[in-house]
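Worksheet: the structure to be examined is printed underneath.
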Amino acid sequence: MSHHRTNFYQRHSVGIMAILVFLLPMVVVGAIKAKSNNRNDVKGWLPAEYSETQTYRFFRQNFQGEEFILVSWDGCTMADPRLEMLARKLLPPPEEASRIDRPLYFKAAQTGPRAVERMCGEPLNLDRLEAVGRLTGALIGPPPAGVEAGSAGDDLDRRKTCLVLTLADVARLNLHGAIDEIRSVATGECGIPDGAIHMGGPPVDNVSIDKAGQTSVTILFGLSLVVGFIVSWFSLKSKTLVAMVIASGVYSMFASLAVVWYSGYPVDAILLTMPSLVYVATTSGAIHLANYYRDQLAETGVQEGAAGRAVHHALLPLSLATGTTAIGLATLAVSELVPIRMFGIFSAVGVVASFLILVTFMPAALELFPPRLKIGKLAGDEEAAGWKPVESSRWWAVGEWITRHHALATAACLLVMAAVGYGMTRVESSVQLMRLFSRKAQIRTDYAWLESHLGPLVPMEILVRIDEDCPLTFLERMELVDEIQREIGRLDEVGSSLSTVTFGRNLDSANGGEGLRAKLARSTLNKALLRHRNEFLEGDYLRDATVTEADGSRQRQELWRISARVSAIKEVDYALFKADLQRKIDPILARLGTDGVEGVAVDYTGLVPLVYKAQHSLLENLKIGFIFDFAIIVAVMIVLCRALSAGLVLLLPAAFPAIMVFGAMGWGNALAKWLGAGNVFIDIGTVMAPSVALGVTVDDVVHFMLWFRRGIADGLDRRQATMLAYKGCARAMYQSWGVIGIGLSVFSLSPFGPTQRFGHMMLAMLTIALVGNLVLMPALLSGPLGAVFSWSVERIERRKAARSGKRRVITEPGSDSLPAPHVAPGPGKHVVHA
């Protein structure tokens, strides 16, 4: 081969570099804008076409109750004057509002004392104790432990309370500003210590996710750079090569974020994990390409054109690595959860974009700024090249032992996989909101304080829909709401509930017996309630609405809202909870039907049903995505090896890490329940890992099988072909684990829960995959499955020989005349032509 002929990169390296430099400002600006456009809304995680999402959208069109921020602090009691001061400063009276030079983020402010005062005045005239009792668990905390409500020891003025702020339209566009304003006014103008303030509510959740995601991406960026540098230096020992590897990774990371910005999609906390994933994958590929470059120098001693020759040899393995990883990520697009779906789509695009950057930037840089490397001219000049032969590694001895005792190794792996894998039947999923944050996060501390001093905070909305022509009077409708509210209040999960009845007259006076006097009393009360109907409509628990039915007709309805609260910090089985609600409410609706009352229906909405739907989707999406991913990769393997048996061999090693890790999680969950130590759940971060890990690790499996196929095609027996695959792939496998496994393990240091668990899962799965690829895979190929695959390869070779009209000669195993494929000294995955 002549090395004087110029290749593509020798001719166009300057032009390639000029284009990349020209695009750099757009890439950097896009990445910065994408990072600053971080927006999160838990309620938007489900697709718009879902019935749960549509019901919730209908609810939000008529009520604004979930757009609240709850504020309290240590010492915030019914008698604390700072409470009213803070409420007036954040939402001043109309005559003072014009003099305020800051944005007014809130349109309503409610406190425990204000609500009690209103309920004790005209027209309700409730007793103060009854008013406080109605609001306990919502606006007012319970009496101290051991003190009975209403007893002599229950000092109502010492009860904990809070400020509930309803967002104005301007606040929805700037949630961070609204929350910062609360903290600023409370500390600067009301004398409330910053460390004593506790806030909760859906807007606080979303802002906390924003901040955790921003902190996460900053930490991951720094740690990924450090890990990339250390692993690159350990692998390459060249300042110039390490600089090029890091530059490739950083450019790809910025480009992946820029793609999101220019697509118009807002970045969320899950998607902020993607740039570091792309960086780690690019760094791995860049190290391999650098090793191919060193191999070319070792083989030829000619630096001119070495970059182009390295790309020529590296193109197939790098394309396979990119393709399998992109497929693994793209299969997350089948997820019903929007953040997971978009993470899969943009990560797959980012990996493909990083491949294009890698095969353009790295070779062009190597041509323009060739590193000074002391590498021998011959491939076997190991000492000069700085490589030790793979035969001297411990994995080589392990491989020889496995090929000799393949039956024992296979049986041991399969028994362990079966025993551990049975634990998958005990796996449970969770999308509990607080699991999005680390254990020490401020929001978890705040919610724990608020729920212990006031009551549960997660809303479960029950919407009683009553047709306009329903025969029930207004009083009877309120009694229906009251009955439903009392029934659901008996459930252990419900801490409190609010409705129109909470802020209305006492209805017991209407149940004073039978006869004309009772009817007259009920009629009088009904008229009195109707006179105040407009006041009820001004609140947030009753609405008139026009509903479009399935047949297209329009129906006027009254919407009666019952807002129940469940815990944010306890694990609630939302499926059982919703079933319990229906078991309480369905008999009431059935009794109405028996009495001939029609036109009454109940919807369940709010955060709880959305979370239940998301929780149910996690496991289903995990199964579907993994199977889909698996089927695609098996099909690719069959095509590459041109043998159906290749798919059979691939099945067990590719499934090994997922079965082991999820099985162990299932057994861990069972053990935790037995010990009473809590549960081990699958969540959003966990569910992303299998498809990503499969896409990364199957690349190692494919290369190992291609090397094995080449050995069989060249006349080696199964054991020799397996050891040839060891020689070609073992070093590259554990170096890939070092780059990708350790690189992704930094995710476990993220303050954002899903990212943290994604890091744990990826490290565990890639480590087990490495063991499976270097233990289970060789054992299978040395055994009966390998015999089937070998027979398929030999049959294909005989057909090729017959077509070419040449007689194929196979020498005895171990003969000196045996053809041996070239194995260059570097640790990169070398090209094997199938």
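The values are calculated or read from the model by the stated rules, or taken from the named source; none is laboratory data. Keep in mind that what you see is a predicted model, and the values were worked out from it rather than measured. Glycine also receives a Cβ, built like all others from the backbone with ideal geometry; neighbour counts cover every protein chain displayed. The area values use the complete protein model at the heavy-atom level, side chains included, leaving out ligands, DNA and RNA. Shrake-Rupley method; radii C 1.70, N 1.55, O 1.52, S 1.80 Å.
Would you grab the residues whose amide H sits under 5 Å from the one on residue 73? Only those 5+ places off in sequence or on another chain, please, with H modelled 1.01 Å from N. Amide H neighbours of residue 73, under 5 Å, 5+ apart: 198. Here the 3J(HN,Hα) profile of region 77-93, calculated from phi with Karplus coefficients 6.51, -1.76 and 1.60 at θ = phi - 60°, is 10, 4, 9, 6, x, 5, 5, 5, 4, 5, 4, 6, 6, 7, 9, x, x Hz, Gly and Pro shown as x.
In this calculation the C-beta distance from residue 414 to residue 791 is compared with R0 = 25 Å, giving a FRET efficiency of 0.70. Dipole size of region 138-192 about its Cα centre, with +1 on Lys/Arg Cβ and -1 on Asp/Glu Cβ: approximately 120 debye, rounded to the nearest 20.
Between residue 194 and residue 85, the modelled label-to-label distance comes to 1.9 nm, taking each label 7 Å out from Cα in the direction of the beta carbon. Each Lys and Arg adds +1 at its Cβ and each Asp and Glu adds -1 at its Cβ; summed about the Cα centre, region 20-107 shows a dipole of about 360 debye.
Within the chain, antiparallel bridges make up roughly 90 percent of the DSSP beta bridges whose residues both belong there.
Could you give the accessible area per residue of the chain, probe 1.4 Å, as a whole number in Å²? Walk me through the intermediate numbers first.
Numbers: 35620 Å² over 834 residues.
Counting only protein heavy atoms, the per-residue value for the chain is 43 Å².
With θ taken as phi - 60° and the Karplus curve 6.51 cos²θ - 1.76 cosθ + 1.60 applied, the whole-hertz 3J(HN,Hα) list for region 213-220 is x, 5, 4, 4, 5, 5, 5, 5 Hz, x standing for glycine and proline.
Using a Förster radius of 51 Å, what is the FRET efficiency between residue 508 and residue 100 based on their Cβ-Cβ separation? Nearest 0.05, please. If you can, show how the numbers build up before the last one.
Numbers: r = 44 Å, r/R0 = 0.86.
The formula returns an efficiency of 0.70 here.
Suppose every Lys and Arg Cβ carries +1 and every Asp and Glu Cβ carries -1, with no other charges. What dipole size does the chain come out with about its Cα centre, to the nearest 20 debye?
Details: 81 positive and 78 negative charges, 709 e Å.
Magnitude of the dipole: close to 3400 debye.
Fully extending the segment from residue 448 to residue 486, taken as 0.36 nm per residue of separation minus the present Cα-Cα distance, adds 11.1 nm.
Rounded to the nearest whole Hz, the Karplus-based 3J(HN,Hα) values (6.51 cos²θ - 1.76 cosθ + 1.60, θ = phi - 60°) of region 654-659 follow the sequence 6, 7, 3, x, 5, 5, with x at glycine and proline.
Over the chain, what is the mean sequence separation of C-alpha contacts under 8 Å (at least six apart), divided by residue count, expressed as relative contact order in percent? Please list the in-between numbers first.
Working: 1321 pairs, mean separation 150.1, N = 834.
Dividing the mean separation by the residue count of the chain yields 18 percent.
Based on the Cβ-Cβ distance of residue 172 and residue 61, what FRET efficiency does E = 1/(1 + (r/R0)^6) give at R0 = 22 Å, to the nearest 0.05? Can you show the working numbers first?
Numbers: r = 14 Å, r/R0 = 0.65.
That pair, residue 172 with residue 61, gives E of 0.95.
The Cα trace of region 225-384 gives Rg and Dmax of 17.1, 55 Å, the first to one decimal, the second as a whole number.
Under a 1.4 angstrom probe, counting protein chains only, how are 583, 803 ranked by accessible area, largest first?
Working: 583 150, 803 180 Å².
Result of the area sort, largest leading: 803, 583.
Provide the solvent-accessible area of residue 553, counting protein heavy atoms only and rolling a 1.4 Å probe, rounded to the nearest 10 Å². Only protein atoms counted, so the area is about 50 Å². Each residue, residue 590 and residue 578, gets one label point 7 Å from its Cα in the Cβ direction; the gap between the two is 2.0 nm. Ranking 729, 243, 215 by Cα position along the charge dipole of the chain, where only Lys, Arg, Asp and Glu carry charges on their C-beta atoms, puts 729 farthest toward the positive end. Net length available on complete extension from residue 405 to residue 184 is 72.5 nm, with 0.36 nm assigned per residue and the Cα-Cα distance removed. Here's how it looks for residue 460: its modeled amide H is under 5 Å from those of 564, 565, 566, which are all 5 or more places away or on a different chain.
Residues whose amide H comes within less than 5 Å of that of residue 500, counting only those at least five positions distant or on another chain, are 561 (H built at 1.01 Å from N in the peptide plane).
Take the cross-link list 570/673; 578/613; 578/623 and give me the ones stretching past 21 Å between alpha-carbons. Walk me through the numbers on the way to the answer.
Numbers: 570/673 15 Å; 578/613 11 Å; 578/623 25 Å.
Long pairs (Cα-Cα over 21 Å): 578/623.
Within the full protein context, the accessible area of residue 465 is estimated at about 40 Å² for a probe radius of 1.4 Å.
The value for region 651-709 of Rg(Cα) / (2.2 N^0.38 Å) is 1.47. Considering only 445, 104, 191, and ranking their Cα positions along the charge dipole of the chain that arises from unit charges at the beta-carbon of Lys, Arg, Asp and Glu, the one farthest toward the positive end is 445.
Once you compute Rg and the Kirkwood Rh from C-alpha atoms, what is the Rg to Rh ratio for the chain? Over the Cα atoms of the chain, Rg/Rh equals 1.09. Net length available on complete extension from residue 74 to residue 24 is 12.9 nm, with 0.36 nm assigned per residue and the Cα-Cα distance removed.
Taking the 1.4 Å solvent-accessible surface of the chain as the whole, the part contributed by carbon and sulfur is 59%. Per residue, the Cα convex hull of region 100-149 amounts to 111 Å³.
In the chain, once you exclude exposed GluC sites (Glu not before Pro) (DSSP loop, at most 16 other Cβ within 10 angstrom), what's the longest stretch remaining?
On the way: sites that count: 49, 148, 189, 304, 468, 514, 549, 571, 598.
The longest uninterrupted stretch comes out as 599-834.
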